[in-house]
Amino acid sequence: MEAVKAEDLYQVVSLGNLQANGQRAVLARNQAKADGEGYWNWLDVFENGELKRLTTLGQEKSYALVNNSVYYTAQEGKGNCLLYKQELDQASPAKVAAFKEAGYQVINSVAGHYLLLSRRVDLAEKKSTDYQVLDELPYYFNCQGYINKLRDRLYVWDLAEEKLTELFKDDPNFTVMETFVAKEKVYVVGVSYQTRRPFDGAVYEVDPSTGDAKLLLPAGKAEVSAIFALNNQVYCFANTHKKTGLNENPEFYRLTEDGLELAANFDNSGQSAIAGDCGVIGGNAFDVYGDKFYFVTTIVDHDEIYVFDGQEVKPFFATDGIIKGFRLTGENEFFLEAAFANELLEFYLVKNGQVKKLSSYNNQALAGKYVAKVNEVEYESVEDGIQHGWVLLPKDYQAGKKYPAILDVHGGPRATYSKAFFHEMQVWAGAGYFVFFCNIHGSNGQGNQYGDLRGRYGTVDYEDLMKFTDAVLAAYPDIDQTRLGITGGSYGGFMTNWVIGHTDRFKAAASQRSISNWLSFEHMSDIAPEFCVDQVGASEDDNPEKVWLHSPLKYVKNVKTPTLFLNSDEDYRCPVEEGMQMFHALMSHGVESRMVVFHGENHELSRSGRPKNRLSRLQEIQTWFDRHLGE
């Protein structure tokens, strides 16, 4: 069997944005372009037991399914944006409208009568290609670039009258953050601002037939994951930040004239929290069917679907991997996009608990390949009892032979590793490495208390990571303890920086899109200062000593580990300056270091960056580890 290679990501098919109408389903399909510059996005349709391509333009991933038609937009040069309608049994679309402005996206439908469209507008009076004016917070945002004076508008397209109406048009400073459809109403999360945007927007109820908007919840009260209606009562699935701060899991509330009224407790995620590198496009985490709300949640290390009936929350369906999307077609029947253990995403029909595979999108990607199976290893957490992680065995493993190993740390910190196929780990296993990974304290899937790291970064999480490493080395004596590597991105990059400043047990490290200095991060990241103050438990204004205490840069004089830094110059979540500070400090202290900066990429490089740059990133990491961990 052949090893999984970095370039195999060109063969990987990603799925998302699943919608259904009875026994028909439409789903978005994504695959890397051969030139490595981007991705193709198509819509496929499943009907009469057959799955086939529906659209052909290659840019359709945002759409609405209305009866037996899909509506989507496409750009015509730099100007007109075209709205298309395509019947599910037709090979080509019909043009419905041509909008003079660019950038319209179809985001939803309402009761079969309306489409919701969004478009970003620029309020700046003067634009220049020579300089950038900043006078708002946030002024840039990851995946979006500079957003100063940009606002997201919402529009209603009347399908019968073929008429476009802008909502909230009387307030030019209003921006839409989220939209939800419940019965025949539209619920908008948004806010008007001129200098600083609140972290949590206000909630409005909008009548699409008139455009009238009613304020239901002021800004700053809750972070809304979903709004839906059951038995004529409107509910919010929302996080009020009162228990464990910004990363708190959502609970169920009734949305009343007086605000939010708790309807049911819940102590896990309101969507999949599982980290992966084979899901380029977005999915859908919830559905309403028969006056019940179904949603995806991560339980320990896998995704499940739970159901809320207005009073109780109960489990409905479980996988051993990742759920990307689902749509109910009956009380015990639904379409599913999922990646089960050791597998890539595929499309399924689940009926009465029986899972039937309907697609073979990724058969070619893994055909004839060595896919390392996950092997569970238990360790004792310093606070949370027995936990577990996994080990992948190297290709052509021979007992008694010594091998190098790579510890991979997930981001978040409230992300979660699962048993589903993870491309980068399989590449390393195919190259002859043991690979091990786990969900240390701070991860999602085990409730708010387990996931709460506020004010404790680099303490219990670091201890858990070392205990897991000890357990893996004890369970697999064929790992050469003198040839250990560590890598991770985002929070995993923070932890990589932290580890090399607190132990010399790793012979090489690859720190990706990391945090090195909370003092600078507080005023550089797009999600700061809220995130920094919330997570570190202090700010530079009230307790700079504590902020510095949790910064890996403070401990750089202890570092002896050769370290590769990988960053993107348009990463505004963990800005490139964070990696540069650590790199500069290591170089100044005579520690072997290398820094790679990807141009035009952002925080999502490893997941949805340009394929050629994702490939280069993997090659840089493997070359670094081969040099330092080789025999």
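Assorted remarks:
- Once C-alpha pairs closer than 8 Å and six or more residues apart are averaged by separation and normalised to the residue number of the chain, the relative contact order reads 11 percent.
- With Cα atoms as the point set, the radius of gyration and Dmax of the chain evaluate to 24.4, 74 Å.
- Residues E87, E101 arranged by fewest to most Cβ contacts within 10 Å: E101, E87
- The calculated FRET efficiency for the pair K163 and C143, based on their C-beta separation and a Förster distance of 45 Å, comes to about 0.90.
- The angle between the Cα long axis of helix 611-629 and the longest principal axis of the Cα atoms of the chain comes to about 20 degrees, rounded to the nearest 10.
- Hull-based mean projected area of region 372-629, where the convex hull spans the alpha carbons, in square nanometres: 12.8 nm²
- Label point 7 Å beyond Cα of A341 along Cβ direction - residues of region 287-306 with amide nitrogen under 14 Å: 301-303
- Taking the number of Cβ atoms within 10 Å of each Cβ as an exposure proxy, the fewest-first ranking of D464, D291 is D291, D464.
- For region 1-150, the fraction of alpha-carbon pairs in successive 5 Å shells from zero, as %: 2, 8, 14, 16, 16, 14, 12, 9, 5, 3, 1, 0, 0
- Taking 7 Å steps out from each Cα toward its Cβ at E37 and L262 produces label points 5.5 nm apart.
- By the helix-only formula, in which each DSSP H run with n ≥ 4 contributes -39500 (n - 2.57) and the sum is divided by residues, the chain has a 222 nm mean residue ellipticity of -4000 deg cm²/dmol.
- Amide H contacts of A97 (H built 1.01 Å from N, in plane; Pro and chain starts excluded): L83 sit under 5 Å, all sequence-distant by 5 or more or on other chains.
- Value of relative contact order over region 372-629, rounded to a whole percent, pairs C-alpha under 8 Å and six or more apart: 17 percent
- Sequence-distant aspartates and glutamates (8 or more away, or on other chains) whose Cα lies within less than 18 Å of K557: D504, E545, E578, E592
- Remark: for residue pairs K292/K373; K243/K554; K5/K33; K61/K357, the C-alpha separation exceeds 28 Å in K292/K373; K243/K554.
- Full-stretch length increase - E380, Q619 - with 0.36 nm per residue and alpha-carbon distance subtracted: 82.6 nm
- Exposure proxy ranking, count of Cβ atoms within 10 Å, fewest first, for E136, E333, E312: E312, E333, E136
- Legend: calculated FRET efficiency, L215 to K612, from the Cβ-Cβ distance at R0 = 35 Å, rounded to 0.05, equals 0.15.
- Span per principal axis, largest first, for the Cα atoms of region 217-296 (Å): 43, 33, 21
- Extension gain (nm, one decimal) between D89 and E592, 0.36 nm per residue minus Cα-Cα: 175.0 nm
- For region 485-631, the equivalent ellipsoid derived from the alpha-carbon gyration tensor has semi-axes of 24, 20, 11 Å in decreasing order.
- Antiparallel bridges, percent of DSSP beta bridges restricted to region 372-629 (to nearest 5): 30 percent
- R0 of 60 Å, Cβ-Cβ distance K78-K183: FRET efficiency to nearest 0.05: 0.95
Every read-out reported here was derived from the displayed coordinates using simple, explicitly stated rules and does not represent laboratory data. None of the values given here were measured: they were computed from a predicted structure. All Cβ positions, glycine included, derive from the backbone under ideal geometry; neighbour counts span all protein chains shown.
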